[in-house]
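One structure below.
The values are calculated or read from the model by the stated rules, or taken from the named source; none is laboratory data. Here the structure is a predicted model, which is why all the values come from computation and not from measurement. Cβ: placed from backbone, ideal geometry, glycine included. Neighbour counts: every protein chain shown. Accessible surface is based on the protein model in full, side chains and every heavy atom, while ligands, DNA and RNA are left aside. Shrake-Rupley method; radii C 1.70, N 1.55, O 1.52, S 1.80 Å.
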Amino acid sequence: MSFDAVIFDFGGVITSSPFEAFNRLEAERGLPRDCVRRINATNPDDNAWAKFERAEIDAAAFDTAFAEEAAALGLAIRGSDVISCLAGDVRPRMVAALDALKEEGLTIGCITNNVRAGKGSAMVFDDARASEIAAIMARFDHVIESSKAGVRKPDPRIYAMMCEAIGIAPDACIYLDDLGVNCKPAAALGMAAIKVSGEDQALADLRALLGRPEGWPG
């Protein structure tokens, strides 16, 4: 099958997953493992996290609302604690894949659920990392950020928005995301979806779909 575009999630795909940082925070605070994910999975379409990603509330309101949701589950953690964990580490081979795809003439896009916090799309808090992330984001032909679009994954509209923006049909697109719930709407639309559990696996699956040799992108 021939593909014309590869569309990436950012956190958990191009960078390491924020869930790893959440787990470190939980361990440091003596909180149950994955409790941040549990809070975010409660009432997932209308909770503080969902509203923050759609830019319906600001960081101050998120800080308070998340703390209230945590307290309802018997947990003591604020939204500001979560925000501090959002920026992952860049995965160099994933960036190399972006460059290889561009050189091969494929369109590359990014659909990211993010919030208005920190500096730039990846929500970092220092200038050097912000510049690094900005250079990566500039590689994409089109980027959709939930905090700017007012719609977030897994809403099917956001995937359709990307296809319309790049002018490529869903069945000619590959989509990569670290969350299965975000891969399902992409697949339902007709995209070839890759659920990312790690860098090696993501690149292996991408190579297989594109018919690239072992060792790509070099």
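Observations
- Residues that are within 14 Å of the chain's Cα centre (by Cα) and either within 13 Å of L209 (Cβ to Cβ) or open to solvent by 10 Å² or more (accessible area, probe 1.4 Å) (or both), drawn from the stretch 11-21: G11, S16, S17, P18, F19, E20
- Helices (runs of 4 or more DSSP H) contained in the stretch 63-164 and holding at least 3 residues more than 30 Å from E214 (Cβ to Cβ) and open to solvent by 20 Å² or more (accessible area, probe 1.4 Å): 127-137
- Here D46 clears all of (1) acidic (D, E); (2) in contact (Cβ under 8 Å) with a residue 12 or more places away in the chain; (3) not in a helix (DSSP H, G or I) except the condition numbered (2).
- Residue selected from the stretch 142-154 under the condition without any contact (Cβ under 8 Å) to a residue 60 or more places away in the chain and over 14 Å from the mean Cα position of the chain (by Cα), by the criterion farthest from G190 (Cα to Cα): A149
- Scanning the stretch 88-111 for residues that are more than 18 Å from P217 (Cα to Cα) and either in contact with a Leu (Cβ under 6 Å, 6 or more places away or on another chain) or at pLDDT 95 or above (or both) gives C110, I111.
- The residue of the stretch 22-43 that is most open to solvent (accessible area, probe 1.4 Å), among those that are touching a Leu at 6+ places or on another chain (Cβ under 9 Å), assigned to a loop (DSSP other than H, G, I, E, B) and not hydroxyl-bearing (S, T, Y), is P32.
- Residue identified as charged (D, E, K, R) and under 16 Å from N114 (Cα atoms) among D171, D141, D178: D178
- Hey, C183 part of a helix (DSSP H, G or I), open to solvent by less than 50 Å² (accessible area, probe 1.4 Å) and free of Cβ contacts under 8 Å to residues at least 24 places away in the same chain or not: yes
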